[in-house]
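The values are calculated or read from the model by the stated rules, or taken from the named source; none is laboratory data. This one's a predicted model, so the numbers in the text were calculated from it and none came from an experiment. All Cβ positions, glycine included, derive from the backbone under ideal geometry; neighbour counts span all protein chains shown.
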Amino acid sequence: MRNKQYSVKVFETTLTDEDQFISFFNTNYNLFKDYLIVIHGDISQKIQEYLQEKELRFVNNIILPKSQGRKAVEEEIAVQKEQQQQVENELLKLSDRLHNNLKVQDTLVRSGQELTIDGDLLLLNRVNSGATIIANGNLIVTQLVEGSIRCFGNFMMLKASPKANIVFHDVVVDNSLLKERLNRVELKDNEIRITPVLKETTWVM
Amino acid sequence: MGNVIAVISGKGGVGKTTTTANIGLGIALNNKRCVVVDFDIGQRNLDMILGLENRVVYDIVQVMDGEASLSQALIKSKMNDKLYFLAASQTKDKTALQSEKISKLIESLREDFDYIILDAPAGIESGYEHTIEFADAAIIVVNPEVSSIRDADRAIGILDSKSQKVKDGAEVAKYLIINRIDAKMVQSGEMLSSSDILDILGINLLGKVPEDKGIIDASNQGKPIILNPNSAAGQAYKRIASRLCGEDIDMPELETVQGSFLQKIKGIFK
């Protein structure tokens, strides 16, 4: 295979008025005779004959690949760098959240109270009927829940709570699926999975 | 310096006013100076239950507005000379209450009395918020049923966020009274048991009061049931008042039926 690379001078024009086109090329013929002419629009018989007669090389209705100037390339690199920095910041923030943004509360959440948490929440007391908890991170409640819960984290850990209203990532969780002392509710492959973690203690009679 | 205790419930009709009257009288019977204040502006009832209906001349709003002095408005009880009563206004409404005026009134009551019992209105509106605003402690009255418990839970939440003591960084003491317990219904599982209620509300139990038909007659007569030595509810209120006065009194079990011979035999085979 033999390859050659050229830089070609191109004159790009849009054809609307034929007479205007011909007169323009007549006057500027010396300037454009070495150019590749790119014509947008339909070329009639008349124009084609004219171009052949003048031995002008042309292509019709072609979108040309344009190489970027040095400045544009530099700009693109800067944008890429900035995006990478943003991703790194996001990751930093996330790891920060995992280590420092755990809120631990041991007081009970009463009717009418609404608790909104940005990070993770470990609640060591009850959520009473009429109370609401909204956790944007992960949520663990070790006692009975009778109020409503909205969780947007990776997982929830809940006790069997038949009276609770539980919504995980905008999906209502069926209470009857939470059976044990502590159950893990998580999102895996776009599917909500519930697995028992701590079994209910049963005493030998 | 007197102790200010608000009697609250959230839900209406659970026995706040009856409890207030009986506890007030019980404290007075323990030889402590006590005043019961009706904060249910516009719907006063405490005067009738204490049998002081015809003695009310000036009310709490008139005292706060300076139209009457405190000593003019305080009514001494016919039943005990340590017990005083301050009536609510029947013509005004809740908007008549203002924080600064309430604070001033409560401060002057603190100087004269050992216990100041405030009877809160039902609900959680401004009237309720003003009642709990300057209280040192609250007695929460509930019935063993879910709506009463949930309303009480809400009322406690507001108490924990809006009272002056909490704003100052302290904590309001909270005591629970479970009223109108029907032992038979608790045993058959139709009524919530005390331990369930305590789990839900997470506060200390001050006392349990059994259902007693005699309370209606006592209220109609204006003689609080605590004066009736044969009433189980009256005795329960007596114990509660003594506990408030600092005595350590056992809590008798009210949730098991003191049954007949036949029931005891049934119990064996359960």
Tally, over region B:20-44, of residues that are touching a Gly at 6+ places or on another chain (Cβ under 8 Å) and part of a helix (DSSP H, G or I): 1
Residue in region B:208-221 that is in contact with a Lys or Arg (Cβ under 9 Å, 6 or more places away or on another chain) and among the polar types (S, T, N, Q) present: no
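Before we move on, is A:ASN175 touching a Phe, Trp or Tyr at 6+ places or on another chain (Cβ under 9 Å) and free of Cβ contacts under 8 Å to residues at least 40 places away in the same chain?
On the way: touching a Phe, Trp or Tyr at 6+ places or on another chain (Cβ under 9 Å): no; free of Cβ contacts under 8 Å to residues at least 40 places away in the same chain: yes.
No, not satisfied.
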Residue in region A:90-108 that is on the phi > 0 side of the Ramachandran plot and either surrounded by 10 or more Cβ atoms within 10 Å (Cβ to Cβ) or away from chain B (no Cβ under 14 Å) (or both) present: no
Residue count, region A:127-146 (criterion: more than 22 Å from B:ILE158 (Cβ to Cβ) and touching a Leu at 6+ places or on another chain (Cβ under 6 Å)): 5
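Run down A:GLU12, A:GLU75 and say which single residue is assigned to a strand (DSSP E or B) and either within 30 Å of A:SER148 (Cα to Cα) or acidic (Asp, Glu) (or both). Step through it out loud before you land on a result.
Details: A:GLU75 fails: assigned to a strand (DSSP E or B).
Answer to the check: A:GLU12.
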Pairs, first farther than 17 Å from B:ALA218 by Cα and modelled with pLDDT under 95 in region B:43-58, second of a type in the set (Val, Ile, Thr) and surrounded by fewer than 22 Cβ atoms within 10 Å (Cβ to Cβ), C-beta under 7 Å, six or more apart: B:ARG55/B:ILE75; B:VAL56/B:ILE75
Wholly within region B:55-169, helices (runs of 4 or more DSSP H) carrying at least 3 residues that are crowded, with 17+ Cβ neighbours inside 10 Å and more than 14 Å from chain A (Cβ to nearest Cβ): B:60-64, B:99-112, B:126-133
Where a residue in region B:227-240 is among the β-branched types (Val, Ile, Thr) and its partner, wherever it lies, is assigned to a helix (DSSP H, G or I), with Cβ under 9 Å and at least six apart: B:ILE240/B:THR19; B:ILE240/B:ASN22; B:ILE240/B:ILE23; B:ILE240/B:GLY26
Every residue from region B:22-43 that is within 22 Å of B:LYS92 (Cβ to Cβ), touching a helix residue (DSSP H, G or I) at 6+ places or on another chain (Cβ under 9 Å) and not β-branched (Val, Ile, Thr): B:ASP38, B:PHE39, B:ASP40, B:GLY42
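Of everything in region A:166-195, what is aliphatic (A, V, I, L, M) and either surrounded by fewer than 17 Cβ atoms within 10 Å (Cβ to Cβ) or in a strand (DSSP E or B) (or both)? Give them in sequence order. Steps first, answer last, please.
Our first condition is that a residue be aliphatic (A, V, I, L, M); within region A:166-195, this holds for A:166-167, A:171-173, A:177-178, A:182, A:185, A:187, A:192, A:194.
Scanning region A:166-195 gives A:ILE166, A:VAL167, A:VAL171, A:VAL172, A:LEU177, A:LEU182, A:VAL185, A:LEU187, A:ILE192, A:ILE194.
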Unique residue being within 14 Å of another protein chain (Cβ to nearest Cβ) and buried (at least 18 other Cβ atoms within 10 Å of the Cβ) when the list is A:GLY153, A:GLY137, A:GLY130: A:GLY130
Whichever residue in region A:30-57 is loosely packed, with under 13 Cβ neighbours inside 10 Å and touching a residue at least 24 places away in the same chain (Cβ under 8 Å) and, among such residues, is nearest to A:LEU15 (Cα to Cα): A:ASP42
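Hey, can you tell me all the residues within region B:192-208 that are more than 11 Å from every other protein chain (Cβ to nearest Cβ) and more than 19 Å from B:ASP250 (Cβ to Cβ)? Full working, then the answer.
Narrowing region B:192-208 to residues more than 11 Å from every other protein chain (Cβ to nearest Cβ): B:192-195, B:197-198, B:204-208.
Answer for region B:192-208, where residues must be more than 11 Å from every other protein chain (Cβ to nearest Cβ) and more than 19 Å from B:ASP250 (Cβ to Cβ): B:LEU192, B:ILE197.
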